[in-house]
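The values are calculated or read from the model by the stated rules, or taken from the named source; none is laboratory data. Everything numeric in this text was worked out from a predicted model, so none of it was measured. Cβ atoms come from the backbone with ideal geometry, glycine included; neighbour counts cover every protein chain shown.
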Amino acid sequence: MRLHNLLLAVVGALPAVYSEYVVDGYKVLPSGYVKTNGSRALPVAMLFEHNQEFSLRDGVKVRADIFRPVTNESVPALVMWSPYGKSSTGPLTLDSAALHAGVPPSRLSGFQSFEGFDPAEWVQRGYAIVNVDARGSGDSEGDIRYWGSGEGRDGYDVIEQIAELSWCTGKVGTAGNSWLAVSQWFIASEQPPHLAAIAPLEGLGDVLRETMARGGIPASAFIKLIQSSLPGRQLQEDILAMYDKYPTDNAYWRDKRVDYSKIMVPAYIGGSYSTNLHTQGAFRGFDEITHDKKWLVVHHTQEWYDLYSEARIEDLDRYFSFYLKGIQNDWEQTAPVRLSMLGYNLPNQNFSLPSIPWAQPGSKKLRLYLKPDQTLTPFPFSAENQTGTLSYQADAPCMQRGNDTGELSFTYSFPEKTFVAGPSEAVLSLSAQKQNDLDVYVMLRKADANGKVLESINQPLSDLGVSSASEVPSVSILKYLGPEAMQRASKRAIAPELSKPWRPTLAHGVDQYVPQGDTIELHMSLWPTGMIFEAGEKLVVKVAGHDMRLVDFEQLQGTFNVTNEGKHYVHFTEQFNNYVELNLL
């Protein structure tokens with residue numbers, strides 16, 4: 001495998017295990033059909049075409065399962081582009097998620113691809129669902145690719161062939177979560193003529209900066225989990241080995257950063273705060289798509305739970321009905337931005353807005369200065385009571401369960417009801433005595449008026465099958481703590497050409513180390529959030545040498561690699577800045 005004349009590292013794929021519910025070909029699944037005990041019965045009959053072949057421009061054949069209405073009328077197609085094993089034939093399913101992510105098995109037919117639309121729901125609405133095994137995965141030929149322009153070209157080829165099938169109207173859309181969303185960015189960037197609309201429902205847009213080495217800090221545990229879960233017959237691109245070989249930005253990584261300006265079709269963009277991967281990609285996608293046929297919906301739950309919720313299905317059906325079926329339902333009168341705000345101990349609230357508020361001139365901000373008494377104040381430095389030094393154990397062990405040690409906390413009580421909405425900036429003046437580099441993490445937490453630090457539960461307790469929040473496992477699929485920034489000091493250089501005032505973007509170039517003992521002023525960007533504070537409730541700013549987020553899966557707890565040594569020191573003098581700047585709604 002090669003890309004831009006670079007030889008790609010590869011690793012073996014998980015041996016594929018295939019379902020035998022139908023041989024290659026097609027059959028009619030009757031209304032009421034149940035694939036497995038406890039799964040959803042089909043509400044209508046549907047045609048099921050198994051392992052239909054599509055040829056890519058280099059001769060590789062990929063295969064897809066097609067589910068469509070039993071009718072002589074042509075219908076539009078919705079493509080789910082996945083490496084996980086089409087139609088739930090791979091090892092990753094919601095069975096892998098703690099408490100099934102709040103989605104009961106009886107809600108799904110089992111014919112859906114992981115993170116994709118359920119044919120049982122969408123065929124009855126007049127669409128064909130095309131579950132594609134991406135190159136190298138499942139029943140498809142070739143080696144598995146990790147996103148980029150190559151996957152985009154593959155998607156172009158398949159979409160154009162689907163549009164020519166006798167049952168298709170020629171209108172094709174795409175949809176899905178996570179990888180199924182990321183692939184849509186790259187496919188749409190290739191501009192296949194018959195692609196009519198996309199629905200990337202939480203997808204990162206820059207592999208290097210948003211997952212491989214966010215803040216310049218390498219992270220491998222989650223990618224290793226994904227690598228071990230991709231079924232295929234040959235090899236897969238070894239993105240971890242490629243980072244070891246190319247830890248700075250180059251043609252390989254630039255190919256894995258979405259150029260949103262190339263996306264010309266309507267886009268329904270899903271986002272949330274609860275994901276560790278996709279928040280930034282959703283907001284940047286909406287911001288950088290240059291046309292006005294784009295909608296951003298930031299919900300208050302979790303991506304899998306949201307995908308199969310009645311409200312999301314109805315909203316997406318309105319969107320696709322307008323662009324794929326030509327139904328005049330006033331979709332384009334929908335507010336461009338729908339933004340949820342998390343109440344934690346209060347009801348969540350939703351706002352319909354004409355644009356991303358913090359991206360507009362004159363947006364409201366609040367700067368809070370850190371003090372050595374571990375409080376926050378809106379008033380700038382005062383030599384009388386704000387001089388000093390605090391330290392934290394930067395190499396403290398880390399389990400990422402929300403209760404690790406080695407964390408400094410600074411607290412502020414809001415005098416009135418406040419909505420913190422959008423990205424935040426943290427500026428800290430730090431030194432390390434044992435190293436010439438520092439890995440620093442900053443998180444915003446909410447505490448109630450009594451000082452109890454709170455968590456936001458992503459799903460209703462009743463859907464999780466528990467009666468109290470204490471029964472909910474501490475994983476990001478189920479709980480959100482707050483937004484986080486992370487920064488390796490040597491990677492602090494900014495790429496101005498990729499940045500905006502509210503979204504500084506790291507260059508990932510040559511390392512700029514910090515002499516041992518020297519104090520450095522680090523500017524750190526926290527991902528967007530939405531948090532509601534009543535008067536008297538508290539903002540808690542936490543500073544540590546380790547990741548304070550919850551992990552996605554319990555088996556990842558304890559896998560964080562602590563690279564700091566000894567203590568970090570926060571310096572409070574007139575010479576140095578220490579503050580957080582919040583965007584307010």
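Residues that are under 22 Å from the mean Cα position of the chain (by Cα) and crowded, with 17+ Cβ neighbours inside 10 Å within the range 560-581 comprise just one, PHE560.
Per the listing TYR323, TYR319, TYR305, the residue uniquely under 21 Å from the mean Cα position of the chain (by Cα) and among the hydroxyl-bearing types (Ser, Thr, Tyr) is TYR305. Exactly one residue among ILE313, ILE269, ILE289 is of a type in the set (A, V, I, L, M, F, W, C) and either free of Cβ contacts under 8 Å to residues at least 40 places away in the same chain or more than 22 Å from GLU115 (Cα to Cα) (or both), and that residue is ILE289. Residue under question is SER462, and the condition is that it be among the polar types (S, T, N, Q) and either part of a loop (DSSP other than H, G, I, E, B) or within 23 Å of the chain's Cα centre (by Cα) (or both); does it hold? Taking the combined requirement at face value, the residue does not satisfy it. Contact map, the range 335-349: first residue within 14 Å of GLU537 (Cα to Cα), second residue among the basic types (Lys, Arg), Cβ cut-off under 7 Å, separation 6 or more or different chains; pairs are TYR344/LYS446. Taking the numbered list (1) surrounded by 14 or more Cβ atoms within 10 Å (Cβ to Cβ); (2) free of Cβ contacts under 8 Å to residues at least 24 places away in the same chain; (3) of a type in the set (Ser, Thr, Tyr) in turn, TYR480 passes all entries but (2). With respect to the conditions (1) of a type in the set (Ser, Thr, Tyr); (2) under 25 Å from TRP527 (Cα atoms); (3) in a loop (DSSP other than H, G, I, E, B), SER382 falls short on a single one, namely (2). Against the conditions (1) part of a loop (DSSP other than H, G, I, E, B); (2) hydrophobic (A, V, I, L, M, F, W, C); (3) crowded, with 20+ Cβ neighbours inside 10 Å, VAL440 satisfies every one except (1). Screening ALA251 on (1) buried (at least 19 other Cβ atoms within 10 Å of the Cβ); (2) out of contact with any Asp or Glu (no Cβ under 7 Å at 6 or more places or on another chain) shows it passes everything except condition (1). Checking VAL123, VAL103 one by one, the residue that is in contact with a helix residue (DSSP H, G or I) (Cβ under 7 Å, 6 or more places away or on another chain), modelled with pLDDT of 95 or more and of a type in the set (A, V, I, L, M) is VAL103 and no other. Listed by first and then second residue, the pairs linking a residue in the range 401-417 that is in contact (Cβ under 8 Å) with a residue 40 or more places away in the chain to a residue that is among the aromatic types (Phe, Trp, Tyr) and assigned to a strand (DSSP E or B), with Cβ atoms under 6 Å apart and 6 or more places separating them unless they lie on different chains, are GLY406/TYR392; LEU408/TYR392; PHE414/PHE533.
Based on this model, can you work out whether ARG107 counts as under 20 Å from LYS27 (Cα atoms) and of a type in the set (Lys, Arg)? For ARG107, the condition - under 20 Å from LYS27 (Cα atoms) and of a type in the set (Lys, Arg) - is not met. Restricting the search to strands (runs of 3 or more DSSP E) fully inside the range 489-585 and requiring at least 2 residues that are among the polar types (S, T, N, Q) and touching a residue at least 40 places away in the same chain (Cβ under 8 Å) gives 520-533.
Within the range 347-399, the residues that satisfy the criterion of being touching an Asp or Glu at 6+ places or on another chain (Cβ under 7 Å), closer than 22 Å to MET548 by Cα and surrounded by 17 or more Cβ atoms within 10 Å (Cβ to Cβ) are TYR392, ASP395, CYS398. Listed by position, the helices (runs of 4 or more DSSP H) enclosed by the range 260-339 that each have at least 2 residues that are surrounded by fewer than 19 Cβ atoms within 10 Å (Cβ to Cβ) are 279-288, 310-324.
Only one entry of GLY402, GLY422 meets the criterion of being touching a strand residue (DSSP E or B) at 6+ places or on another chain (Cβ under 8 Å) and surrounded by fewer than 22 Cβ atoms within 10 Å (Cβ to Cβ), and that entry is GLY402. The residue that is surrounded by the fewest Cβ atoms within 10 Å (Cβ to Cβ), counting only those in the range 193-205 that are of a type outside the set (Val, Ile, Thr) and closer than 13 Å to VAL79 by Cα, is HIS194. Taken over the range 505-528, the criterion of being out of contact with any helix residue (DSSP H, G or I) (no Cβ under 9 Å at 6 or more places or on another chain) and not β-branched (Val, Ile, Thr) is satisfied by PRO515, GLN516, GLY517, ASP518, GLU521, HIS523, LEU526. One residue stands out in the range 387-396 among those that are part of a loop (DSSP other than H, G, I, E, B) and at pLDDT 95 or above: the one that is nearest to LEU478 (Cα to Cα), namely ALA396.
Against the list (1) part of a helix (DSSP H, G or I); (2) in contact (Cβ under 8 Å) with a residue 60 or more places away in the chain, the condition ASP95 fails is (2).
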